[in-house]
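Everything on this sheet refers to the single structure shown next.
The values are calculated or read from the model by the stated rules, or taken from the named source; none is laboratory data. This one's a predicted model, so the numbers in the text were calculated from it and none came from an experiment. Positions of Cβ are generated from backbone atoms using ideal geometry, with glycine treated the same way; all protein chains shown enter the neighbour counts. In case anyone asks, the SASA skips ligands and DNA or RNA and just uses the protein heavy atoms, side chains included. Shrake-Rupley method; radii C 1.70, N 1.55, O 1.52, S 1.80 Å.
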Amino acid sequence: MTETTLCLLILTCLFSPASFAELRATGDLGVVIERESGSAIIVNTTRHKTLAKVEGLGDLSHASVVFSRDQRYAYVFGRDGGLSKIDLLQDKVEKRIVQAGNSIGGAISQDGKLIAVSNYTPGGVKIFSADTLEPVADIPARYADGKLSKVVGLTDAPGQRFVFSLWDAGEIWTVDVKNPQKPVIQKYPNIGKEPYDALMAPDGHYYIAGLFGEPGLALLDLWQPEQGVKRILPDYGKHDEKLPVYKMPHLEGWAVAGDYLLAPAIGRHEVLVIDKKSWQLVKAIPVPGQPVFVMARPDARQVWVNFAFPDNNQLLVIDTKDMSLTKLLTPGKGVLHMEFTPRGEQVWVALRDDNQVVVYDTATLEEVSRLPAQKPNGIFFTGRAHRIGL
Amino acid sequence: MTGKLLPLLLVALPAAGGEISAERQQALRDLLKQDCGACHGLTLKGGMGPALLPETLAGKSDDFLADTILNGRPGTAMPPWQPFMNRDEALWLIGILRTKPN
């Protein structure tokens, strides 16, 4: 045995699977939220495999996830105000805090150093160190008479900013956190009644809040914030009675195809096609239910739509070439969320009532795989780490 | 596929009389947890909608709560659940809410 071979043998022993559980990259991993058990599974999107289950994440009846820019950590925002930092390499909760009584979502800053959480109770935004989860800033959403508003539609924006909407107050606020100890807040009042969620354009140019309490959407041009917030589609559905909404639509992710933005209508079984140059309605596509998520495949050739109860067994694929309906899929019961692989050849779909995640090939629309998951309600892939507004 | 859709149909079709079968009770419990829970929280401590805990409902009559469930609350995000349950079933759900949150 030569010296080199001996050295190699020793090295092999040192770095064998016995001492390292698994040499794991995180770029093709994801997290599937299991709403009732307060757990999440870590999945590999290339191998369609569940790698681990992480427990003790609290009430996840509503949950969302952002990722650290090194794609090692997933930050889970739970309904109960819990903020949990999961280590995807070690399959464990690195740290968990309960920062409020009732939360709806969160965001990570442009530089990856800050985590912001939007809260219903107490209404406002709290900002934490992404590293330690130590509190950095507290921004109560105070409005008329000193009341606190529920905060929705929180996203990151270029320029180390966060943007969010105040449900009760009908306002949009931007917060510059270049100096996190002294956040600079800009408020836009009177944007419309009851903004329920918002979306950020993938280039960080526009922030758009959907309104529940009156027609239309509220648009903030972040390149020209001095122009203020303007209303788009102010007359859409104005004279028609709204259909009941059994689940609020989510505007996360911006479905842009060419010059068009696709968004869920609210109180109408339609997907709206909006020209993003003129901000005029081009078309309202009739769909079989109240749309919840309207999400573009990363190449934007397809838009996938799921629906509120009682139509939540369906999944619609729209061809953006001509805005025609490609196919109505019925993957199972309780279609709550979907997530595309980073370049969009597949999509993962959460089937809450079937305790499964189903994977589709987006070209053939054929099922590729099914994985067990307990009451899954949200799927988040690490590719989000490098996308503005997610 | 038919088998998978059956529970949804059970939710969608209200029972006719006052008797609520065990199967229907389970469907209503699922509806409460999943669909009411979407706004009121899985633990019913509230979210977009208010908390539905025994103490928060204490001062409100069965009639008022049944009307709220069946007809919704105009001007708020609460939709009418009339297409999916009858009054007896709404009252049964209120009974569940008044005794234990889950």
Legend entry - Flagged links, alpha-carbon separation over 26 Å, of A:K53/A:K333; B:K33/B:K60; A:K238/A:K283; A:K113/B:K45: A:K113/B:K45
Legend entry - Debye intensity ratio I(q)/I(0), log10, segment B:21-99, q values 0.17, 0.18, 0.19, 0.27 Å⁻¹ (C-alpha model): -0.62, -0.70, -0.79, -1.71
Inset, instruction - Show that you can apply the helix-only estimate: for the protein assembly as shown, add -39,500 (n - 2.57) for every DSSP H stretch of four or more residues, divide by all residues, and state [θ] at 222 nm to the nearest 500. - result: -3500 deg cm²/dmol
Inset, instruction - Mind grabbing the interface size between B and A? I mean buried accessible area, both sides, 1.4 Å probe, in Å² to the nearest hundred. - result: 2300 Å²
Legend entry - Restraint check, A:K178/A:K230; A:K277/A:K321; A:K178/A:K375; A:K327/A:K375; A:K247/A:K375, Cα-Cα greater than 28 Å: A:K178/A:K375
Inset, instruction - Report, as an integer, the average count of C-beta atoms from other chains found within 10 Å of each Cβ along A:331-338. - result: 2
Inset, instruction - Let me know the longest stretch in chain A that avoids all GluC sites (Glu not before Pro) found in a DSSP loop with at most 15 other C-beta atoms within 10 Å. - result: A:56-240
Inset, instruction - Within segment A:256-276, which residues have the backbone N less than 16 Å from the label spot 7 Å out from A:D221 along Cα→beta-carbon, could you tell me? - result: A:275-276
Legend entry - Shielding by other protein chains, A:119-127, mean Cβ within 10 Å: 1
Inset, instruction - Using only the Cα atoms of segment A:243-326, construct the convex hull and provide its projected area averaged over every direction, in square nanometres to one decimal. - result: 5.0 nm²
Legend entry - Gaussian network model of chain A, springs between alpha carbon atoms under 10 Å - residue of A:M295, A:M338, A:M248 with greatest fluctuation: A:M248
Inset, instruction - For A:K95, go through the aspartates and glutamates and keep the ones whose alpha-carbon is under 15 Å away, minus same-chain ones fewer than eight residues off. - result: A:E55, A:D87, A:D131, A:E134
Legend entry - Gain in span if fully extended, A:R69 to A:V282, counting 0.36 nm per residue against the direct Cα distance: 73.0 nm
Inset, instruction - Identify the chymotrypsin sites (Phe, Trp or Tyr not before Pro) of segment A:158-241 meeting these criteria: DSSP loop state and at most 15 other C-beta atoms within 10 Å of the C-beta. - result: A:W223
Legend entry - Solvent-accessible heavy-atom area per residue, rounded to whole Å², over segment A:243-326 at 1.4 Å: 33 Å²
Legend entry - Largest-first principal axis extents of the Cα set of the protein assembly as shown (Å): 88, 58, 50
Inset, instruction - At a 1.4 Å probe radius, which order do A:K85, B:K33 fall into by accessible area, largest first? - result: B:K33, A:K85
Inset, instruction - Could you tell me which trypsin sites (Lys or Arg not before Pro) in segment A:120-184 are loop residues by DSSP with no more than 13 other beta carbons within 10 angstrom of their beta carbon? - result: A:K147, A:K178
Inset, instruction - Provide a whole-number value for the mean count of partner chain Cβ atoms within 10 Å of the Cβ atoms in peptide B:37-47. - result: 6
Inset, instruction - Using only Cα atoms, find the angle between the long axis of helix A:3-14 and the longest principal axis of chain A, and express it within 0 to 90 degrees, rounded to the nearest 10. - result: 50 degrees
Inset, instruction - Report the residue, chosen from A:P291, A:P202, A:P310, that carries the largest GNM mean-square fluctuation when chain A is represented by alpha-carbon nodes joined by springs under 10 Å. - result: A:P310
Inset, instruction - Could you grab the relative contact order for chain A? Cα pairs under 8 Å, six or more apart, rounded to a whole percent. - result: 11 percent
Inset, instruction - With a 1.4 Å probe and every protein chain left in place, tell me how much accessible area A:H250 has, in Å² to the nearest 10. - result: 40 Å²
Legend entry - Cα-based reach from A:K276 at 13 Å (exclusive), listing aspartates and glutamates while leaving out same-chain residues under 8 positions away: A:D221, A:D259
